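The values are calculated or read from the model by the stated rules, or taken from the named source; none is laboratory data. Since the model is a prediction, treat every value here as computed from it, not as a measurement. Please note: Cβ atoms are built from the backbone with ideal geometry, for glycine as well, and neighbour counts cover all protein chains shown.
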Amino acid sequence: MAEQAIVANVTSAKPHAGYDLGKRVFDLLGASGLLLVTWPVMLVASALILFTSGWPVLFRQKRMGKNGQTFDCLKFRTMIKDAESRRAEVLHMNMLDGPAFKLKDDPRLTAVGKQLRRFSIDELPQLFNVLSGEMSLVGPRPLPIIENNYHGDQALRLTVKPGLTCVWQISGRSNVSFDEWMRMDVDYVRTRSLWGDFVLIMRTIPAVLSFRGAV
């Protein structure tokens, strides 16, 4: 596949032997616990979307995961229903300097969707992606297929499972340049550990609550 060719010549640094098993157990326990805690929030979010803009409540987008495999990344729908077909209308407003697209006050956002994004509630359905093994709690954020345009060792980010949070999330998110974002992801891949994952999760909580870089 063309997607897999992106990472064909890139080899990930290997953490200690028990890391993969430990990380999977950590993901299963963590995602299950978070679902138990956040299901009332998810229920309210679903109701708000349903009653203000109708179906669908969830937005599914093909994104690139580990080793270039694609999967349906789940989010609460925060935009109007035909947002994807209108993407070309707002591309010139991109906040980032690379292939990834981020836009503050995107005109395609719904009123409810804007608040869901502000508090990062729109990402909660990805806990089901974690349970299914397509994602991890910690790892480089998965990008839409058309935004995976890398140079040098940036494709190293595709040698691990994508995650809900990583270094980028606690370092300013949309306030960070694309190349710096990629450098953070590559550094994570090369130095990852279970303790490091735990620390990143703990640091994500105040980062989300501060709304820094959220769009």
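Data table
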item: Any pair with Cβ under 6 angstrom, 6 or more apart, that starts in the range 103-131 at a residue that is more than 12 Å from L58 (Cα to Cα) and ends at one that is among the charged types (D, E, K, R) and crowded, with 17+ Cβ neighbours inside 10 Å; result: L116/D122; V130/D27
item: Some residue of the range 135-150 being more than 29 Å from T52 (Cβ to Cβ), modelled with pLDDT under 95 and in contact with a Gly (Cβ under 7 Å, 6 or more places away or on another chain); result: no
item: Selection count, the range 132-153, where residues are free of Cβ contacts under 8 Å to residues at least 12 places away in the same chain, closer than 24 Å to R190 by Cα and outside any helix (DSSP H, G or I); result: 1
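Let's see how each residue does on (1) free of Cβ contacts under 8 Å to residues at least 12 places away in the same chain; (2) surrounded by 13 or more Cβ atoms within 10 Å (Cβ to Cβ):
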{"residue": "W168", "(1), (2)": "no, yes"}
{"residue": "G172", "(1), (2)": "no, yes"}
{"residue": "S177", "(1), (2)": "no, no"}
{"residue": "D185", "(1), (2)": "no, yes"}
{"residue": "W195", "(1), (2)": "yes, no"}
{"residue": "M202", "(1), (2)": "yes, no"}
{"residue": "V208", "(1), (2)": "no, yes"}
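Yes/no per residue for (1) among the hydroxyl-bearing types (S, T, Y); (2) surrounded by 12 or more Cβ atoms within 10 Å (Cβ to Cβ); (3) modelled with pLDDT of 95 or more:
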{"residue": "L36", "(1), (2), (3)": "no, no, yes"}
{"residue": "V41", "(1), (2), (3)": "no, yes, yes"}
{"residue": "V44", "(1), (2), (3)": "no, no, yes"}
{"residue": "G54", "(1), (2), (3)": "no, no, no"}
{"residue": "N67", "(1), (2), (3)": "no, yes, no"}
{"residue": "K75", "(1), (2), (3)": "no, yes, yes"}
{"residue": "K81", "(1), (2), (3)": "no, yes, no"}
{"residue": "S85", "(1), (2), (3)": "yes, no, no"}
{"residue": "H92", "(1), (2), (3)": "no, no, no"}
